[in-house]
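The values are calculated or read from the model by the stated rules, or taken from the named source; none is laboratory data. Because the structure is a prediction, the values reported are computed rather than measured. Cβ sites come from the backbone with ideal geometry, for glycine too, and all protein chains shown count toward neighbours. Ligands, DNA and RNA are excluded from the accessible area calculation, which covers all protein heavy atoms including side chains. Shrake-Rupley method; radii C 1.70, N 1.55, O 1.52, S 1.80 Å.
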Amino acid sequence: MYVFILTTVVVGFACAGVVMLLFRLWGRKAPKYVIPFVAAIGMFAYMIWDEYSWFDRYSSRLPGQISIVQTFADENPFAPWTLISAPVNRFTAIDSEKIVVNPDNPDQKRVTTLLLKKGAETLALTHLVECGANRRGYITAQTELDANGFPTGIDEWFAMNEDDPLRSVCN
């Protein structure tokens, strides 16, 4: 977050500096309102560019075994341009190398999902997916595990709808 703020300020100063240089080269004095106006436009342009390009920049740097299964685009009334076209600012990904099939029950798979959000820490959640029963549950630190590392019981199961992103591990 601090890097974003610092970069935004630097862009504002750079835009103002370019305009001041251009006015000096033309031999004219810049009106008092032009420099702050150009700095503000430059900062807004950078903020909007960063907001809309974050997902593409971040997802292109992910390793090949990580697949994005769900994206979220949020509107923000304090950024009115997002009401027209909301940018993707968080997504869910699955690391295919960390999908583990239960040797005792091939319908059960242990899956780690990564929840990534712009400006926040990455969260890793572990799920138990039962493909045959179309359900999933969370594996927490309190969940008891068997010798294979699979839960002996899940406290709460969730039905997987047709559009559930964890359904992709069952294919």
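Springs join every pair of Cα atoms under 10 Å in this Gaussian network model of the chain, and among I68, I41, I99 the largest mean-square fluctuation is at I41. Loop sites by DSSP among the trypsin sites (Lys or Arg not before Pro) of the chain, restricted to those with at most 12 other Cβ atoms within 10 angstrom, leave 62-171 as the longest stretch without any of them. Between the labelled values (1) 14.1; (2) 15.9; (3) 11.0, the entry that holds mean projected area of the Cα convex hull in nm² as derived from this structure is (1).
With a 1.4 Å probe and every protein chain kept in, tell me what percent of the accessible surface of the chain is carbon plus sulfur. Answer for the chain is 59 percent, counting heavy atoms of protein chains only. Here the range 76-149 is assigned +1 on the Cβ of each Lys and Arg and -1 on the Cβ of each Asp and Glu. Its dipole about the Cα centre then comes out at about 420 debye. Between Q108, Q65, Q142, the Gaussian network model of the chain with springs among Cα atoms under 10 angstrom shows the greatest mean-square fluctuation at Q142. For the chain, the longest piece that avoids every one of the GluC sites (Glu not before Pro) found in DSSP loops with at most 13 other C-beta atoms within 10 Å covers 1-74.
Ligands, DNA and RNA are left out, and with a 1.4 angstrom probe the accessible area of the range 98-140 is 55 Å² per residue. Which of rounded, prolate or oblate describes the range 10-54 when judged by the alpha-carbon gyration tensor and an a/c cut-off of 1.5? Judged from the Cα gyration tensor, the range 10-54 comes out prolate (a/c at least 1.5, a/b above b/c). Computed from phi, the 3J(HN,Hα) profile of the range 136-142 under the Karplus parametrisation 6.51, -1.76, 1.60 (θ = phi - 60°) reads 9, x, 8, 9, 10, 5, 8 Hz, with x in place of Gly and Pro. Once the chymotrypsin sites (Phe, Trp or Tyr not before Pro) in DSSP loops with at most 12 neighbouring Cβ atoms within 10 Å are cut out of the chain, the longest remaining piece is 79-171.
Rounded to the nearest 20, the size of the Cβ-charge dipole of the range 8-141 about its Cα centre is 720 debye, with Lys and Arg at +1 and Asp and Glu at -1.
Subtracting the Cα-Cα distance of W157 and T140 from 0.36 nm times their residue separation leaves 4.8 nm of extension gain.
For the chain, C15 stand unpaired, since no other cysteine beta carbon lies under 4.7 Å from theirs.
For K32, no lysines have a Cα closer than 26 Å to its Cα, not counting residues fewer than 8 places off in the same chain. Placing R0 at 25 angstrom, the Cβ-Cβ distance between K117 and F37 gives a FRET efficiency of 0.15 after rounding to 0.05.
The residue among W54, A159, P103 whose Cα reaches farthest toward the positive pole of the charge dipole of the chain, with charges on the beta-carbon of Lys, Arg, Asp and Glu, is W54. If you plug the beta carbon distance of M47 and R24 into 1/(1 + (r/R0)^6) with R0 = 22 Å, you get a FRET efficiency near 0.20.
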